[in-house]
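**Q** The structure is given below, and queries will be raised subsequently.
The values are calculated or read from the model by the stated rules, or taken from the named source; none is laboratory data. The model shown is predicted, which means the values in this text are computed figures rather than measured ones. When we count neighbours, we look across all protein chains shown, and the Cβ atoms used for this are built from the backbone with ideal geometry, even at glycine.
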Amino acid sequence: MELNVYDWEKFERTKIWYLVFGFFILLIVVLSILSKNVSWWIFLLILAGCYVFFTTKPLKTIKMITWKKTLQIDKLTYPRETLKWFVLEYHLEKKKIHNIVIIDNKNTPRIYTINDSEKNLQDFVNDMNGYIPMLDKYDQTTLNKVIRKFKL
């Protein structure tokens, strides 16, 4: 069974989000210049530029394929015994399942945004459920909650 997903979690950011982000970076740069800490603002500008570059590059669609003893995500293969759970995340505004989260034995979540039909998703979930349990939610760290809240 296969499911099309984006190669990572897809955040939908508005123009306002980018304006606020840019203003925040600019504010820190100005405060750094006023405090005469030049190396800090140069580092911050480079960091901000890299962040904007990586967040604006388009996500590619990859395949998540269930095999008898493995889960293949793009070119990586995970043996079933290394996977602990999977979770489906519901998007309240869109009123549909938005993400699939694969959690391994080390409790590391791998979040992928779904880019497939609901029928394919249902078939994929039924297949996955035969191998690893599905949770209704999972505990995120505070840092993960902040990152996802601010769409970083």
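**Q** Is it the case that some residue within the range 128-138 is assigned to a strand (DSSP E or B) and farther than 17 Å from residue 1 by Cα?
**A** Yes, there is a match, as at least one residue in the range 128-138 is assigned to a strand (DSSP E or B) and farther than 17 Å from residue 1 by Cα.
**Q** Cβ-Cβ distance below 6 Å, separation of 6 or more or different chains: which pairs start in the range 49-69 with a residue that is within 22 Å of residue 102 (Cβ to Cβ) and end on one that is hydroxyl-bearing (Ser, Thr, Tyr) and surrounded by 13 or more Cβ atoms within 10 Å (Cβ to Cβ)?
**A** Partner pairs satisfying both residue conditions: 59/6.
**Q** Within the range 68-77, which residues are touching a Lys or Arg at 6+ places or on another chain (Cβ under 9 Å) and surrounded by 12 or more Cβ atoms within 10 Å (Cβ to Cβ)?
**A** Within the range 68-77, 70, 71, 72, 73, 74 meet the criteria.
**Q** Across the range 41-60, what is the total count of residues that are over 18 Å from the mean Cα position of the chain (by Cα), at pLDDT 75 or above and surrounded by 13 or more Cβ atoms within 10 Å (Cβ to Cβ)?
**A** 3
**Q** For the range 117-124, state whether one or more residues are modelled with pLDDT of 90 or more and not in a helix (DSSP H, G or I).
**A** yes
**Q** Here is a follow-up. Would you mention how many residues in the range 84-134 are exposed (fewer than 14 other Cβ atoms within 10 Å of the Cβ) and among the hydrophobic types (A, V, I, L, M, F, W, C)?
**A** Counting residues in the range 84-134 that are exposed (fewer than 14 other Cβ atoms within 10 Å of the Cβ) and among the hydrophobic types (A, V, I, L, M, F, W, C) gives 2.
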